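Contents: one structure, followed by commentary.
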Amino acid sequence: MNPIVNNLFSINERIARAAERSSRTPDSIELVAVTKGRSVPEMQAILDAGVTNIGENRVQEAQQKYGAVNATADAISTRETCRWHLIGHLQRNKVKTALEMFSLIHSVDSLRLLAEIARRAEARAQGIDVLIQVNTTRETGKYGLDAADLLAFMEDAQAYPTVNIIGLMTMGQFSSSPETNRPAFALLRALAEKVEAQQFPTVTMQHLSMGMTNDFEIAIEEGANLVRIGRAIFEVSEE
Ligand SMILES: *Cc1c(COP(=O)(O)O)cnc(C)c1O
C-alpha cells in the first residue's frame with residue numbers, strides 16, 4: 001500500500017478514538033489534509049483514498065495546484081466532492097482569487113479583510129463561509145484576534161451579511177508536548193459558546209478548526225470538529 005494512504009488510515013483511526021473519548025461520533029470530525037509544499041501526485045493519492053478536504057495556506061500555491069489537481073484522472077468526481085480550505089493568512093489583494101477556489105476561509109483576522117471578502121463576494125453574487133482566527137496562545141507576532149476583542153468584532157461583522165461566520169480557528173504553540181495546547185483549545189471552545197449565546201444574525205458557531213499533527217487528539221478532546229493535518233499524512237518514515 002502507498003505509505004501515504006497507510007498514514008491516512010492510521011490518522012483516521014486516531015481521530016475516531018479521540019472522538020469517542022469526547023463522546024462524539026468519528027464522522028462528526030472532519031479531516032482537512034494540509035497539502036502545502038506537497039506535489040500534485042501526492043495530493044491525487046490522498047484524494048483517490050477518499051480525502052474530501054484539502055487545506056492550503058497560500059493562495060498562489062493553491063492556485064498553481066488547483067488546476068492540475070482538477071485536470072488529472074477522476075477529475076469530475078474530485079471536483080464535485082473536494083472542498084478547498086484556506087488555512088493561512090490572507091492578504092486583501094488575494095481575496096478575489098481566493099474566492100474562486102476556496103469553500104471555507106479559516107483565517108479571517110481583521111475587519112478590513114472581512115470587508116474586502118464581503119465586497120468580492122457581493123461582486124460574485126455569492127455568499128462565503130469563513131472562520132475567525134483567534135490568537136489563543138497570545139504569542140506576539142502571531143495572526144489572529146485577541147480573545148478580548150472577539151465579541152466586538154462579531155458585532156461589527158454584522159455590517160457584512162454576505163459573509164457567513166460559521167466558527168473559529170486557532171493554532172497551538174509549537175511544543176513537544178501536545179498537552180501544552182489544551183488550555184488554548186478549551187479557550188476557543190469557550191469563546192464559541194460566548195459568541196453563540198449572542199445570536200448574531202450572520203454568525204453560527206458550527207465549527208472549531210484546531211489541532212495539527214502534534215496536537216490534534218487534544219484538540220478533538222476539547223471540541224475540534226475540523227482538524228488540519230499535514231506532516232502526519234505526508235511524512236513517510238524511511239526504514
Ligand atoms: C501547516 C499547517 C497545518 C498543518 O501542520 P502539520 O504540523 O503539518 O500537521 C495546520 N494549520 C496551518 C494553519 C498550517 O499552516
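No value in this document is a laboratory result; all are computed from the given coordinates. Bear in mind the structure is a predicted one, so any value in this text is a computation, not a measurement. Ideal geometry is used to build each Cβ from the backbone, glycine not excepted, and the neighbour counts take in all protein chains shown.
Straight-distance candidates among the aspartates and glutamates for linking to Lys65, with alpha-carbon spacing under 20 Å and chain neighbours fewer than 8 residues away dropped: Glu42, Asp48, Glu56, Asp74, Glu80, Glu100, Glu235. The calculated Kirkwood hydrodynamic radius for segment 3-234 is 17.9 Å, given to one decimal from all distinct C-alpha pairs.
In terms of other Cβ atoms within 10 Å, His207, His85 run from fewest to most in the order His207, His85. Computed over the chain with a Gaussian network model linking Cα atoms closer than 10 Å, the most mobile of Gln126, Gln63, Gln158 is Gln126.
Here the relative contact order of the chain, from alpha carbon pairs under 8 Å that lie six or more residues apart, stands at 21 percent.
Largest mean-square fluctuation among Ala219, Ala33, Ala71, in a Gaussian network model of the chain whose springs join Cα atoms under 10 Å apart, belongs to Ala71.
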